[in-house]
Each structure stands twice: as structure tokens, then as C-alpha cells.
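Trainee: This is the structure I have questions about; it appears just below.
The values are calculated or read from the model by the stated rules, or taken from the named source; none is laboratory data. These numbers come from a predicted model, not from an experiment. Virtual Cβ from ideal backbone geometry, glycine too; neighbours counted across all protein chains shown.
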Amino acid sequence: SPVMESNPAPLVHIAFVLQFLAFAAIRFYWFAKTAPSRTGARLLEPQWAMWLRLALGLPMLALIAAYFVRPGILAFADVPMPTAARATGVALGIGGLALLWWVQRTLGDNFHSVLHVREGHTLVTDGPYRYVRHPMYTTFYIIAAAYFLMTGNLVIAALWTVPLTSILLVRTRREEATMRAEFGSAYADYAARTGRFVPRFG
């Protein structure tokens with residue numbers, strides 16, 4: 001029978017911490033790099049939605065930071081996890097980070113954490129966008145799965161997936177409506193040949 005662990009081994013915990021910090025670093029790097037291109041961007045989300053994300057995000061980050069130092073504070077939500085599953089989580093997380101970099105690099109100056117339209121906005125259809133219309137969200141779910149497998153903790157999983165799913169339910173259709181309004185038939189053709197979150201086969 002597989003070896004079950006109630007808590008991640010120290011090396012797996014370190015891998016989780018490093019991968020989370022790498023995720024944050026990648027996001028910060030591309031947000032800073034594309035800052036000049038955001039000048040004059042027309043934001044298409046209400047102020048309250050942006051403030052709500054901030055209000056929810058800061059406590060989440062504080063709790064994860066506390067978990068970095070003392071993982072035992074969330075022991076009540078631990079799920080016994082096979083050693084092989086935790087190792088799979090480490091590998092999946094590395095793959096997720098590589099995919100995140102690919103998505104961010106492909107987006108380039110079109111990247112913004114807020115739904116927007118800017119001068120010179122382009123329809124991105126190469127790289128991972130050749131296969132799916134929202135590869136960033138797909139990547140976030142891959143990383144979420146990796147974090148759960150590494151930590152075996154339901155709170156860590158919920159902190160990541162609940163806000164992400166809420167954003168998806170509210171924002172995805174609005175994003176696609178914005179792109180249809182901006183790019184017309186070009187976006188309609190693009191949407192017809194791609195999947196929303198996973199590639200469309202056949």
C-alpha cells in the first residue's frame with residue numbers, strides 16, 4: 001500500500017514555499033515590465049470589484065505566509081497524502097510555473113490584472129492562446145492542484161480555488177464579450193476554433 005503522510009516532508013514544504021514565491025515573482029515581473037503600456041488603458045471593471053479582490057487577497061496572502069513558517073497552524077485541514085502524490089505535486093508545480101511564464105510572455109504588453117482595453121490592444125492567438133482562449137486561468141488551476149498535492153491541506157486549496165472560481169464565473173463571459181466588441185469577426189473565428197479553458201479536439 002502507498003505510504004501516507006499527514007504532513008508534507010520538509011523538502012516538499014520547502015518546494016511549496018519556493019514555488020509560491022516563484023509564482024509571485026513571475027507575476028510581479030510581468031506586471032512591472034508591462035506597466036508603461038498600461039498608460040491610458042480603459043478599465044472595464046467597477047472599482048468595488050477591484051477593492052474586493054484586494055480585501056480578500058491580503059488576508060489570504062497573510063495566512064499563506066504564516067503557513068510558510070508554521071504549517072501546523074492549518075493542521076486541522078490536513079488530508080493524508082501518498083508520498084508519490086506529493087512528489088507529483090512538486091513536478092506539476094514546476095510545469096505550472098513554466099506554463100505561467102509562457103502565457104505571460106505571449107501576452108506581453110496586453111497583460112493586466114484588471115479587465116481593460118488599451119490603445120494598440122492586439123488579439124493574441126499564438127503560443128498557448130493558439131489552443132485555448134484563457135490559458136492563464138487553466139494555468140492557475142494546474143498550480144492549485146500542485147499546491148494541494150504538495151501540502152495536502154484543504155484550506156490552502158480553498159484559499160486558491162474559491163476566489164479563482166468566483167472570478168471565473170463573473171469575469172470570463174465579460175472578457176469574451178469585450179473581445180468580441182473590440183475585434184468583431186476576428187475574435188468570433190478565433191473562438192470557434194479554440195476551447196475556453198482546455199484545447200478543443202476534433
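Trainee: What residue, among those in the range 77-104 that are free of Cβ contacts under 8 Å to residues at least 40 places away in the same chain and of a type outside the set (Gly, Ala, Ser), is surrounded by the fewest Cβ atoms within 10 Å (Cβ to Cβ)?
Mentor: Trp102
Trainee: Of these, Ala146, Ala186, which one is exposed (fewer than 15 other Cβ atoms within 10 Å of the Cβ) and small (Gly, Ala, Ser)?
Mentor: Working: Ala146 fails: exposed (fewer than 15 other Cβ atoms within 10 Å of the Cβ).
Among Ala146, Ala186, only Ala186 is exposed (fewer than 15 other Cβ atoms within 10 Å of the Cβ) and small (Gly, Ala, Ser).
Trainee: Can you tell me which of Ala84, Ala91, Ala55 is closer than 19 Å to Phe20 by Cβ and small (Gly, Ala, Ser)?
Mentor: Ala91
Trainee: Exactly one of these conditions fails for Gln104: (1) modelled with pLDDT under 85; (2) in a helix (DSSP H, G or I); (3) under 21 Å from Arg174 (Cα atoms). Give me its number.
Mentor: Failing condition for Gln104: (1).
Trainee: Of a type in the set (Phe, Trp, Tyr), part of a helix (DSSP H, G or I) and over 20 Å from Leu61 (Cβ atoms), is that true of Tyr190?
Mentor: On the way: of a type in the set (Phe, Trp, Tyr): yes; part of a helix (DSSP H, G or I): yes; over 20 Å from Leu61 (Cβ atoms): yes.
Against the criterion (of a type in the set (Phe, Trp, Tyr), part of a helix (DSSP H, G or I) and over 20 Å from Leu61 (Cβ atoms)), Tyr190 qualifies.
Trainee: Among Leu149, Leu159, Leu169, which is without any contact (Cβ under 8 Å) to a residue 40 or more places away in the chain and in a helix (DSSP H, G or I)? Give the derivation first.
Mentor: Numbers: Leu149 fails: without any contact (Cβ under 8 Å) to a residue 40 or more places away in the chain; Leu159 fails: without any contact (Cβ under 8 Å) to a residue 40 or more places away in the chain.
Sole residue among the options that is without any contact (Cβ under 8 Å) to a residue 40 or more places away in the chain and in a helix (DSSP H, G or I): Leu169.
Trainee: What number goes with the only condition from (1) farther than 17 Å from Leu44 by Cβ; (2) assigned to a helix (DSSP H, G or I); (3) touching a residue at least 24 places away in the same chain (Cβ under 8 Å) that Met136 does not pass?
Mentor: Status for Met136: all satisfied but (1).
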